[in-house]
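Since the structure comes first, as structure tokens, the remarks are kept for the end.
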Amino acid sequence: MQSNATNLSHCESDDLSPGQTLLHGQYKIERHLIGGGFGMTYLARDSLDRVVVVKECFPSTICRRVNGEVRPHKPEFQQQFQKVIRSFLREALRMAKFEHPNIVKIHQVFQENNTAYIAMDFVDGMDLLTMLEIEPERMTDELIESLLRETLSALEYLHGTGMLHRDISPDNLLVDTSNKLTMIDFGAASEEKARQTRALSHMMAVKDGYSPHEFYYTDGDQKASSDIYSVGATFYHLITGNAPPDCQKRIAALTSDLPDPYTPLATGNWAFDRAFLSAIDKALFVAQKDRFQSAKEWLDSLERGTATEPQPDLSTHINAGLQPTEAPARPVTMAAPPCQDALEDDHELASTISSLVQDTNTKVKPKTSKKDVEPVEEATEEASQLVDIFGQPIEDLEGWLEENDGRKNRKQARAESGEDSLLAQSALPEDTDTRRKTGSGLLRALRRLAKKRNGRLA
């Protein structure tokens, strides 16, 4: 108890104060820029009197500053805190090798105050969120299109190194006075491939509206399409003035048989080419497999000017076999983790539901005319053309039925003789009575339809 009281009495402000130095005086802090979540960011000057930005590894949910050093809140957080620092350093060292005009340049990576730091270029400009708020007149349609291409170019390069950004949003994309974009804040960046540690996954703070649903889960399947979703959300915000509905709300709608709260850009009256808007809609599909799978794929679609179908209304034609269920609960950061099996089940449920509903809706064409809903008896002869299971027209229905009866008799004879029929077993339900009822019911229905049709033709 005495030890805890002593530590608390020595606690100070979490951010470094102006005038403090790092790396033996190499960097002098001028002011705190932004903090919270994964790290602290400061404006500083280096020993050559150049303005730089210093990023401090500071996972605020598990640590605090005590006597100038960053320490975990509790002893049980120590191991996780060290894993976070090692991951931060490993990825920072990789980032230092990046050479791309739209990715911030790293100057130095070092350790001090029981944590890690990155010193990087200072970009004389403002982030997209700030620009949208205080200089909206700069956000022209032409600039938005240019910024999207630059963002995708930077992302293509980043993914080519095997890394994900995992925190793309309007406040992490800077624009300088010449309208050149720079991607910043790689504090949550990670290798795309499987990692030995999930420390960053545990620590990464999701951003409602910008994070795909797989970011809400410790073991979510994070890949290039995850960053693609965040880019789509960012430019949706630039166009509409608001972030799209967050993925948790969208999944809650899907699992509760309610309309998807997302409104496709391609269905709105925006001053952009439809292919451009449809591409953003595609990037914002809930199901990962339905998004662009790479930044290059998105860039290629923009070059071709090819439109993709807009996001369907997910409230329509929902698979009848899906039963409404509660939206998966978001894991509580840094609390005792829920049962891993339950967490994986929630993630699998969300992914499966979103994929099933997306697949169903993209293949269903809604009725748009009275003709589509008229009863069979009032349809024209052309509209009532019958087809077999392969889509081939049935010209002679009676002959087709007789042939089908013949096949049925032959199948029965083969069954009685002990021969196997793999096709018959796979085409109809496994239960013999169900197969017999299904087949005979279909034939009876076709015969009734044939009689009605012959009566009309007579």
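Hey, could you check the stretch 222-236 for residues that are farther than 11 Å from H165 by Cβ and among the hydrophobic types (A, V, I, L, M, F, W, C) and say which is farthest from the chain's Cα centre (by Cα)? It comes out as F235. Scanning the stretch 100-117 for residues that are of a type outside the set (S, T, Y) and assigned to a strand (DSSP E or B) turns up I103, I106, H107, Q108, V109, F110, Q111, E112, A116. Only one entry in G187, G162 is crowded, with 21+ Cβ neighbours inside 10 Å and either modelled with pLDDT under 90 or out of contact with any Leu (no Cβ under 9 Å at 6 or more places or on another chain) (or both), namely G187. Taking the stretch 15-35 as the range and being in a loop (DSSP other than H, G, I, E, B) and more than 15 Å from Y117 (Cβ to Cβ) as the test, the residues that pass are S17, P18, G19. For the stretch 52-66, filtered to residues that are in a strand (DSSP E or B) and within 30 Å of the chain's Cα centre (by Cα), the residue that is nearest to Q78 (Cα to Cα) is C63.
One residue stands out in the stretch 69-99 among those that are assigned to a strand (DSSP E or B) and closer than 22 Å to G25 by Cα: the one that is farthest from the chain's Cα centre (by Cα), namely E69. In the stretch 274-319, what count of residues is obtained for those that are surrounded by 15 or more Cβ atoms within 10 Å (Cβ to Cβ) and either modelled with pLDDT under 90 or of a type in the set (V, I, T) (or both)? Residues meeting the conditions: 12. In the condition set (1) buried (at least 16 other Cβ atoms within 10 Å of the Cβ); (2) modelled with pLDDT under 95, T115 is compliant with all but (2). Once the stretch 23-40 is narrowed to residues that are of a type outside the set (G, A, S), within 18 Å of I85 (Cα to Cα) and buried (at least 20 other Cβ atoms within 10 Å of the Cβ), the residue that is modelled with the highest pLDDT is M40. Looking at E91, is it surrounded by fewer than 16 Cβ atoms within 10 Å (Cβ to Cβ), at pLDDT below 95 and not assigned by TED's automatic domain parsing to the domain that holds L181? Here the answer is no, as E91 does not meet what is asked. If you go through the stretch 211-226 and keep only what is in contact with a Pro (Cβ under 9 Å, 6 or more places away or on another chain) and either without any contact (Cβ under 8 Å) to a residue 60 or more places away in the chain or acidic (D, E) (or both), you end up with just Q222.
Would you be able to say whether some residue in the stretch 117-140 is among the basic types (K, R) and farther than 17 Å from T240 by Cα? The answer is no; no qualifying residue exists. Scanning the stretch 227-261 for residues that are touching a residue at least 60 places away in the same chain (Cβ under 8 Å) and among the polar types (S, T, N, Q), which turns out nearest to K282 (Cα to Cα)? Filtering first and then ranking leaves S230.
The values are calculated or read from the model by the stated rules, or taken from the named source; none is laboratory data. These numbers come from a predicted model, not from an experiment. Note that each Cβ is placed from the backbone with ideal geometry, even for glycine, and that neighbours are counted across all protein chains shown.
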